[in-house]
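Report on one structure; see the data block that follows.
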Amino acid sequence: MKESCLECGAALKTGVSMYKGVKLVCLQCPMCKEKIFTEELSLKAIQKMESARLQPSYRRPILRIGSSVGFTIPKDIAQALELEGKIVSLRPNIIKKKIDVTVV
């Protein structure tokens, strides 16, 4: 089903809206230029804005925690990924000296 403009009734087309330097996909009326975000497009826009807010990489010191070691996760990452109370899976790659962390 084609979406229609609430202002003029014309069929909406896919468009782009800029917000704080980030391109967001929206539906746009070719007649009156009204821009509309559906629930799905809004959720994608929020995720894209959250990603743009985060730094491309973070450096953290390794800390001693009892007989183990660990590191802290920056607050902005924890909030964006809603980590509070979650479990993570660690996948070490010894050859590349890399640890992939996945929220489960």
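Each value in this text was obtained by applying a stated rule to the coordinates, not by laboratory testing. Bear in mind that the values here come from a model prediction, so they are computed numbers and not experimental data. Cβ placement follows ideal geometry from the backbone for every residue including glycine, while neighbour counts extend to all protein chains displayed.
Average projection, convex hull of the Cα set of the chain: 10.4 square nanometres. To the nearest ten degrees, helix 39-53 and the longest principal axis of the Cα atoms of the chain are 50 degrees apart. In terms of other Cβ atoms within 10 Å, 37, 71 run from fewest to most in the order 71, 37. Between the stretch 78-104 and the stretch 36-60, the alpha-carbon centres lie 19 Å apart.
Restricting attention to the chain, the count of lysine pairs at 8 or more positions apart or across chains with alpha carbons under 13 Å apart stands at 6.
Å³ per residue of the Cα convex hull, for the stretch 13-53?
54
Put in order of Cβ neighbour count within 10 Å, fewest first, the listed residues 32, 26 become 32, 26. Structure remark: mean-square fluctuation, Gaussian network model of the chain, C-alpha springs under 10 Å; the largest value among 30, 61, 74 belongs to 61.
Listed from fewest to most Cβ neighbours within 10 Å, the set 76, 100 follows the order 100, 76.
Name the shape class, rounded, prolate or oblate, that the alpha-carbon gyration tensor gives for the stretch 63-103, where a ≥ b ≥ c are the square roots of its eigenvalues, rounded holds for a/c under 1.5, and otherwise prolate holds if a/b is larger than b/c and oblate otherwise. It would help to have the intermediate numbers written out before the result.
Numbers: a/c = 2.03, a/b = 1.33, b/c = 1.53.
Note, shape of the stretch 63-103 comes out oblate.
Each residue, residue 44 and residue 76, gets one label point 7 Å from its Cα in the Cβ direction; the gap between the two is 2.5 nm.
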